[in-house]
Amino acid sequence: MSFSIASLFSKSKTKFSPLAFSLSRLNFSNGNADFEGISVSIREQNLFKMLKQCYNMKHLNQIHAQIIKTGFEQDLFMVGKIIVFCATSVQNLVDYAVGVFNNVENPDGFMWNTMIRCFVNTNQVENAIGYFKRMQMKNVLVDNFTLAFLLKLCGQVGLVVLGKLLHCSAVKHGLESHVFVRNTLIHVYGMFKEIRTAHLLFEEILRPDLVAWNTIIDCYVNCGEHKGALDLFLRMLNCGMEIDDATLVVTIAACAALGALDFGKWVHSYAYSTPLGSNVSVCNALIDMYAKCGAVEEARVLFDQMKRRNIVTWNTIILVFAMHGHGDEALRLFGKLLDEKLEKPNDVTFLGVICACSHRGMVEEGRKYFNSMTKDYQIQPTIKHYGSMVDLLGRAGFVEEAYELIKSMPMECNAIVWRTLLGACRVHGKIELGERVRRHLLGLEQHSSDYILLSNMYASAGQWSEMMKERKSMRDQRVQKPEPGNSFVGIRRARRLDLPQINSYH
């Protein structure tokens, strides 16, 4: 007898009971219970309890062995719980889930969906699509969970065509209006940068729920339509929709990207009037927003007022001071973090610390922290850490050391890091090394700044013929200067806190 969890909950609003489920399997004949069935139900209940308390691979192996030993290896609910554990575990248990699934003779839709979910969580595109095809070949009904999991995968890895085909499939199966599928579709089109389609799907919802509002606002932010995101936030409030921390975080991110400090302060005051004002994620977003708007003091005040902090909080405030030239304060906070053992530093923490050293010209300290990452905390430096070290060494004039550091990198160096070193070569007049760096850049990409940096180096050294050659090469290669940057200012201040003005930010 097969059961799917979806069917258990779709027919009744009462809470599922393992005891009731087990008793339903008992065979009553002439008023007498089958005592063998009672024994089975007791063993079943024990296995349910064990599965509920399972939290690591060792326990899972023991429970799985008991399931096989007691003859429940074909029980869809029992085996399904094992696959769910594999799908939701932070460990990589995909292979174990595949082995369990392949031993089930007739898996139901829930198990197929859980396997697809397992592959989606680990970005195994071919396996996820392959199981979806097998599912259809077995004539297993595709439901809202199947489509939502696969759509999520399309958004993660940018499978635009497949995502649109799945959208068609949702329409074909009458699932397009299902709240779970519709919200996922909005999110996916936002990931595809097709904001018009995402907005149209949102507008077709008669009564959008909180998830739909958060998703469409996030889509606007992801697509760079930050003013539209703020418009939607105000519209959401006017509709009487109750917001949550996710709403505030994504709205504050839009303020930070726009530099809309007045609107950001209004959102801060609004959040402060609700229990969300003390939410750690919201406060972290506010600190980041104040920093990006140049309001370093406000960021520091908010940090000091926070009663609860996590490693993201510390990373944010350290980066705030590092990027605004307050390297000493950034390192003081890092020292406090270590001395008081408040949180364990991670790769982002060290990135902020090395940036602080770079802006303050603290070469020895930068070297020490860079080496400490691997030696004391077993954190492998990323390309960003190497880039920050190249910047630190280049600013201080240690360009040859920076070049050797790049050559020792375990990963391929990108154009940004090479360009950082080229800029340092120009500042310190290292023409020969600059030419070597330039050759590396030519193998990666062509950018007008590379030609200009090298030609300016020749000009500074009085090598006018070399400068003219570099300029001519730039013209011959048809390398164009990028469009000039632009700035914006708030023309009209938001004087009323009940309805901020955002039209001045454009």
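Derivation of every value follows stated rules applied to the coordinates shown; laboratory data play no part. Remember, it's a predicted structure, so these values are computed and weren't measured experimentally. When we count neighbours, we look across all protein chains shown, and the Cβ atoms used for this are built from the backbone with ideal geometry, even at glycine.
Annotations for the structure displayed:
- Å³ per residue enclosed by the Cα convex hull of segment 324-385: 80 Å³
- Of Lys164/Lys193; Lys81/Lys344; Lys133/Lys172; Lys58/Lys341; Lys292/Lys341, those spanning more than 24 Å from alpha-carbon to alpha-carbon: Lys81/Lys344; Lys58/Lys341; Lys292/Lys341
- In sequence order, calculated HN-Hα J values of segment 318-334 (Karplus, 6.51, -1.76, 1.60; Hz; x Gly/Pro): 5, 5, 4, 5, 4, 6, 9, x, 9, x, 4, 5, 4, 6, 5, 5, 4
- Rounded to whole Hz, the Karplus (6.51, -1.76, 1.60) HN-Hα couplings of segment 207-216, x for glycine and proline: 10, x, 8, 4, 4, 5, 4, 4, 5, 5
- Selection from Tyr290, Leu337, Leu261, by position along the positive dipole direction of segment 258-338 (Cβ): Leu337
- Centre separation in Å (Cα based) which lies between segment 336-400 and segment 291-310: 22 Å
- Rounded to the nearest 20 debye, dipole of segment 294-397 from Cβ charges on Lys, Arg, Asp, Glu: 220 debye
- Descending by average beta-carbon neighbour count within 10 Å, the peptides 350-357, 287-294 line up as 350-357, 287-294, the highest first.
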